[in-house]
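Here's the structure we're looking at; comments come further down.
Coordinate-derived values only; no laboratory data. Not measured: the values here are computed from a predicted model. Here the Cβ positions follow ideal geometry from the backbone for every residue, glycine too, while neighbour counts run over all protein chains shown.
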Amino acid sequence: MESKDMVRMANQIATFFKSYGAEEGTKEIATHINNFWEPRMRSHFFDFVAKGNTGFDPLVLAAVSMIRKPADHATQQGDLPKHGEES
Amino acid sequence: MIIKETDFGTPKSEATQMVTLEIDGHSITVPEGTSIMRAAMELGTKIPKLCATDSLNSFGSCRLCLVEIEGRKGTPASCTTPVAAGIKVKTQSDRLGNLRKGVMELYISDHPLDCLTCAANGDCELQDMAGAVGLRDVRYGYDGDNHVSAKREGVGENFRFKEKDESNPYFTFDPAKCIVCSRCVRACEEVQGTFALTIDGRGFASHVSAGMDEGFMASECVSCGACVQACPTATLTEKSVIKKGQPEHSVVTTCAYCGVGCSFKAEMKGDDVIRMVPYKDGGANEGHSCVKGRFAWGYATHKDRVTKPMIRTRITDPWKEVGWEEAIAHAAGGFKSIQRKYGRGSIGGITSSRCTNEEVYVVQKMIRSAFQNNNVDTCARVCHSPTGYGLSKTFGTSAGTQNFKSVEKADVILIIGANPTDGHPVFASRMKKRIRAGAKLIVADPRKTDSVRSPHIEASFHLPLRPGTNVAIVNALSHVILTEGLENKAFIAERCDTVEFSRWTNFIRDPKNSPEALEAETGVSAEDVRGAARLFATGGNGAIYYGLGVTEHSQGSTMVMGMANLAMLTGNIGREGVGVNPLRGQNNVQGACDMGSFPHELPGYRHISDNVVRDLFNKVWNTTLDSEPGLRIPNMLSAAVDGTFKGIFIQGEDIAQSDPNTNHVTAALEAMEMVVVQDLFLNETAAFAHVFFPGTSFLEKDGTFTNAERRINRVRQVKAPMQGKHEWQVVAELAQAMGYDMKYNNAAEIMDEIALVTPTFAGVSFKKIEEMGSVQWPCNEKAPNGTPMMHVDGFVRGKGRFMITEYVPTPERANRDFPLILTTGRILSQYNVGAQTRRTENSSWHPEDVLEIHPHDAELRGIADGDMVSLTSRIGGTTLRALITERMPQGVIYTTFHHPVTGANVITTEYSDWATNCPEYKVTAVQVRPSNQPSEWQKDWETREEENKRVAAE
Ligand code: SF4
Ligand code: SF4
Ligand code: SF4
Ligand code: FES
């Protein structure tokens, strides 16, 4: 995912919840991202934030600490469905 | 056996006062206002009739239904005479018998005597009545003045004779057989609301005229078929019946086109469908239909249908037909090796809102259990996902609040971003009927749609807003209502969260939300907005109906909440005639959402992170569910381009045509190693597939669809699957091949499992639907017979929540390079990507997608009506034909996306709804220029059509 798309999406969410003030708004942003963003997207998100990617709404940045950190989720070699009778 | 609904002759009376009378010595009690004819029929006495039928108001023209009433003079017509307390009616006597014979004699003297070779033989009311009255001879002979023969003895050319009109592709009109009962004319008016037919001329010269005697196809006729059903003779007859003869048995099933979900009788001969006739006892349609469901089912046996599974290694290879076992093994092998290399999360799937609940349920179950991830999404992503999000935030459920019938009680109807006459025609007919009876109409739409103005319909307010400013308009409406003190204080105090309300009040009162402040942004006169707001707040029951013009925006979810706010503010929730009603696009989009097609939600809208819910599913499914939400369609595509998503199972969806930014979609598909498509036809997406599983048409399916009213209707199998297997069987076998044990014996078993795991479906079973005809969820212990209306005593979430809906302009704006705004939509005769309707005669009405443009914008660019033009956005370009029309406001142009070669989505952008990623189809900045060249994309498309769809010779 390109950073500009990610920034746009995160900022759109922030724009909606901004109306609810900093405290509640930040919480809502984090909940929204936790609820709807697949781990891959969240790890991209953390990468972009870590790179100091500018462009994120301050409210998004304030929400970072409340967003669940994904492990390398299900995208690793050998991470297989449990029922699989793989060799 | 052919199912035949009882015809009571005249409509049911809604009165509550009861009246008792006597008919032929039997006493009967019926509601006041019932006709004598209907009362007699309730006793089982069929009074002869020709001009009456219970879908139409009585007319009293044929004089066949005469009766005698003790103490009254003469012989009144029983269809127009209401019952009265204590009267004694006689339906048969010598006098009545003779009168009726006389009437029939006159009719028959001007009617051809070719019953034996007539298409309606065996299904003709004229024939039946001749039998019923005992007509034995016709004293006048047949040589007099008539409409029957082209030439008359001794007269020559018969000026009264008119040729058959065969212009409509689906039915014929044979004036020689017409008895001028005007049932067709009244059906077109009363049932359909199109007013295409009239009775022209007087006396013996009177005849049925379509348009200005210009023939059906050239008239305003929309081919709904209502007149054909209403016609008691062979005058209006389906061409399929003329060709194949009368059907011998019928099965009740559900239309597989739009979200209205009309019930039909599939009338059959063996396993050949002769015709589809709307079913009078169908909850959604009550006997009406549109051209798609009624006539456009020929695609089911179209020669393009693929009936053998196919595989190939590379997408440039020709397809190879194989057996089911090999195809399933090939797909499973591909998916498994991808997962070995790239991990569990590297594959996923898309469910189809054209498939049954049962078929959708097994696909999401396969993905969550056999693939063991939550990468499942559905095409609702690109249409109504904001509805789910917005309504659950405010009301607590993801679905519309009313049944369609509720519109009969509405006083003010607000339509936003929907064009029901084209998108949801049968609902539109019901709505127009209500408007003709006096309800007021407000339409918010950039285009001057048919809803704004058509025969006998005129919107009180048309708010021609700029695309992308919905939220501004809805905020302005609420602002006016609140600042003028027109809100429903009692409702808000009792039913809504008052803390949230006062927070919202502070926001909405702000002058920036006033219609005056927003006028420049929306392009709508402040005065009209104020007028519309006052009307909505004070006009009685206010009902909101909306479509994709609301959801397919950057602020789609915000807008849904804005409408929910408006409904709560005016107390228009929880009773008949009100509500917030999404008009759903595809037939089972509601069902697909209910069945757990979203990556973050299990069936019944429960979040995947909920441990209790996951435990329940783990037990029933014998699996270990992942607790993280999966990828949504656009995320899958991005991940494919990034290289972490490599395989996809696509059930009956054509994302390469229907999803935005086609080039991005195809790049993503090309990056995948295993694309499995399950569909009827080699669609656009199949050009990128490695495995093709032939699907079943709705005629071969056994299961249920859920319409926009949450109504679960049965889809009954009328013929065996052409490719030998039910779709859910194929999916279960694929899951098996992936190592997960999934097995069902029939669709009813799947529904039983759905009921077991989904509280809102707990009471649903095929048996229940059989008993009730259809049932609206929630159906469980609390509502054993389902729920036609939601939020009656309280909101599902408890108190209704007003949400703050700040208007934010979309980043997609017109600019110097792309000065026009393109918005997209659909038309009546075609459906979605058109895979089905394009393969029927419906293309007679819409052979290609056209670009609608205002005369001024066209002139500025030197474009004449019918010219080919190039349409470009910053994303891509295509070429299509221009149609100059004043329906469009200046600066806004419009097209549909029913034909793949148009590639309307080559133009659309990556912008999407903030909450759900529903793409912003409705706003794209574009430029239009005259051109006679196909675009680059179109040239590629032509090549791909050739190359990627080849099937190897045996
Ligand atoms: S098919 Fe429908 S629209 Fe056409 S004339 Fe008949 S009733 Fe009217
Ligand atoms: S076409 Fe049929 S319904 Fe219409 S007036 Fe003639 S007989 Fe009656
Ligand atoms: S397409 Fe819609 S309105 Fe038309 S018959 Fe089918 S369900 Fe009814
Ligand atoms: S049926 Fe009553 S007058 Fe025709």
Taking every DSSP bridge whose two residues both lie in chain B, the antiparallel percent to the nearest 5 is 60 percent
Run a plain Debye calculation on chain B (Cα atoms as equal point scatterers, no solvent) and give log10 I(q)/I(0) at q = 0.05, 0.08, 0.09, 0.10 Å⁻¹, rounded to two decimals, same order as the q list.
-0.31, -0.80, -1.01, -1.22
In Å, the Kirkwood hydrodynamic radius from C-alpha pairs for segment B:667-797 sits at 17.1 Å
What Kirkwood radius, in Å to one decimal, follows from the Cα pairs of the protein assembly as shown?
30.5 Å
Just how many % of Cα pairs in segment B:1-100 lie over 21 Å apart, if you round to the nearest whole percent?
27 percent
About its Cα centre, chain A carries a charge dipole, from +1 on Lys and Arg Cβ atoms and -1 on Asp and Glu Cβ atoms, whose size in debye to the nearest 20 is 260 debye
Nearest 10 degrees, 0 to 90: what angle lies between the long axis of helix B:324-342 and the longest principal axis of chain B (Cα atoms)?
30 degrees
As I understand it, the dipole of chain B uses +1 on the Cβ of Lys and Arg and -1 on the Cβ of Asp and Glu, about the Cα centre. Which of B:A858, B:F264, B:N374 lies farthest toward its positive end?
B:F264
Tell me the mean residue ellipticity at 222 nm calculated for the protein assembly as shown from its helices only (DSSP H runs of n ≥ 4, each -39500 (n - 2.57), averaged over every residue, nearest 500).
-8500 deg cm²/dmol
If you stretched the chain out fully between B:E484 and B:R436, how much longer would it get, using 0.36 nm times the residue separation minus the C-alpha to C-alpha distance?
14.3 nm
Distance violations [Cα-Cα > 30 Å] among B:K239/B:K719; B:K177/B:K719; B:K243/B:K265; B:K49/B:K265; B:K393/B:K701; B:K90/B:K768
B:K177/B:K719; B:K393/B:K701; B:K90/B:K768
Which aspartates and glutamates, if any, have their Cα less than 16 Å from the Cα of B:K12, not counting same-chain residues under 8 positions apart?
B:E32, B:E42, B:D54, B:E190, B:D281, B:E286, B:E408
Projected onto their principal axes, the Cα atoms of segment B:820-947 stretch, largest extent first, over whole-Å spans of 39, 39, 30
If you average 1/r across every pair of different Cα atoms in segment B:436-583 and take the reciprocal, what Kirkwood value do you get, in Å?
15.5 Å
Loop-only check: which trypsin sites (Lys or Arg not before Pro) in segment B:1-62 are DSSP coil with at most 13 other Cβ within 10 angstrom?
B:K4, B:K12
For segment A:1-57 the GluC sites (Glu not before Pro) that pass both the DSSP coil test and the at-most-14 other-Cβ-within-10 Å test are A:E2
Nearest-20 debye value, the protein assembly as shown charge dipole, Cβ charges on Lys, Arg, Asp, Glu:
1260 debye
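Counting other beta carbons within 10 Å of each Cβ, put A:W37, B:W937, B:W845 in order, fewest first.
So the residues, fewest neighbours to most, are B:W845, B:W937, A:W37.
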Cβ-based exposure ranking for B:L116, B:L463, B:L50, in which fewest neighbours within 10 Å come first:
B:L116, B:L50, B:L463
Sorted by Cβ neighbour density within 10 Å, fewest at the top, the residues B:R202, B:R63, B:R466, B:R275
B:R202, B:R63, B:R466, B:R275
Cα-Cα pairs in segment A:3-66 separated by more than 13 Å, as a whole percent of all pairs, come to 57 percent
Kindly provide the GluC sites (Glu not before Pro) of segment B:765-855 that DSSP labels as loop, not H, G, I, E or B, and whose Cβ sees at most 10 other Cβ atoms within 10 Å.
B:E781
Calculated Rg and Dmax of segment B:121-203 using C-alpha coordinates, Å:
15.5, 44
What angle, in degrees between 0 and 90 and rounded to the nearest 10, separates the Cα long axis of helix A:39-50 from the longest principal axis of the Cα atoms of chain A?
50 degrees
If you fit an axis through the alpha-carbon atoms of helix B:526-538 and take the longest principal axis of the Cα set of chain B, what angle between them do you get, 0 to 90°, nearest 10?
70 degrees
So for R0 = 51 Å, FRET eff. of B:D137-B:K767 from the Cβ-Cβ r, to 0.05, ends up at 0.40
Modelled label-to-label distance, B:H456 and B:H249, 7 Å Cα→beta-carbon offset: nm?
4.1 nm
Which value, in debye to the nearest 20, gives the size of the charge dipole of segment B:577-709 about its Cα centre, when Lys and Arg are +1 and Asp and Glu are -1 at the Cβ?
240 debye
Reachable lysines from B:K341, Cα under 25 Å, same-chain residues fewer than 8 places away excluded?
A:K69, A:K82, B:K365, B:K646
Efficiency of FRET from Cβ geometry, B:M1 and B:A329, R₀ 51 Å, rounded to 0.05:
0.75
With the cut-off at 25 Å, report for segment B:151-301 the share of all Cα pairs above it, as a whole percent.
32 percent
